Amino acid sequence: MFYVRLNKLRIIKNGDIIGKGEIQFMSFINQSNDSLPNLNEFFETNDEDRKKEIIKDSVSRVIQSRILMTIDKVKDKSIITFGDTGYIVYKDEKIPQDFSWQIVAVELDKKTRDNAALIKSVLTDSNVDTITKGIQALAKASNPVSGAVVELSKLVVGVILDIAKNKKDDQIGYYLTSFIEKLDYPNGIRDRQDIPDLTGNMFVDYSIFGYQDYAVEAVENLKPL
């Protein structure tokens, strides 16, 4: 099994001039070998309309996969904890060879958007064109489908940040990082505190924990006589 746990977030400024704000945190985690239905078809077809249909479906799936947390009345210099055991934002049955992680923190002045509302906001003609071109750029790679989900997730997050900016919802933080098993969690464990995000306004404490279930592995490796 494999787990990524968010232990604590430290916010320097909440983005609300009144003093307290409602902050929405979105967590996206993707492995490089993740796939989505029809991505193979995306790189095979020359039908531009079909490509856009595939992108719309894929974007919807990425948004629906997010882990969403909304915290009310966040002050400047706040420390946000998730009990004494943290909050699991990702789990898988197997330890991944690598994965990418994004945390978006946006101060919302309006009602929190649900998945359906956010999907509608993201899937404008202009945004779909931008995302389609971004994924199409991977076509030159030897295996374009590999890594397409990670790239798609990054493009979707970019659009979400643009939407927040246009709606005057302040961007509080953006944490973007990638991990490689053999380098970053060779023994299945990694624990870090107070890691700065790209804005310098949010600091992250997290734990990675993975272990091999040898009993399950033995059953999976059994060959019929």
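The values are calculated or read from the model by the stated rules, or taken from the named source; none is laboratory data. Here the structure is a predicted model, which means the values were calculated and not measured. Neighbour counts run over all protein chains shown; Cβ positions are idealised from the backbone, glycine included.
Summary table below
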quantity: Residue in the range 133-155 that is closer than 17 Å to GLN31 by Cα and surrounded by fewer than 12 Cβ atoms within 10 Å (Cβ to Cβ) present; calculated: yes
quantity: Residue tally, condition within 19 Å of the chain's Cα centre (by Cα) and either in a helix (DSSP H, G or I) or modelled with pLDDT under 90 (or both), over the range 116-129; calculated: 9
quantity: Checklist (1) surrounded by fewer than 19 Cβ atoms within 10 Å (Cβ to Cβ); (2) over 13 Å from the mean Cα position of the chain (by Cα); (3) closer than 12 Å to VAL149 by Cα; (4) in contact (Cβ under 8 Å) with a residue 24 or more places away in the chain applied to ASN38, failing item; calculated: (4)
quantity: Qualifying residue in the range 59-71 (condition: closer than 21 Å to GLY173 by Cα and over 15 Å from the mean Cα position of the chain (by Cα)); calculated: yes
quantity: Selected residue [assigned to a helix (DSSP H, G or I), in contact (Cβ under 8 Å) with a residue 60 or more places away in the chain and surrounded by 19 or more Cβ atoms within 10 Å (Cβ to Cβ)] from ILE23, ILE29, ILE55; calculated: ILE55
quantity: Residues located in the range 54-95, provided they are within 23 Å of ASN143 (Cβ to Cβ) and among the acidic types (Asp, Glu); calculated: ASP57, ASP92
quantity: Residues of the range 40-86 satisfying the condition of being among the aromatic types (Phe, Trp, Tyr) and under 28 Å from ILE12 (Cβ atoms); calculated: PHE82
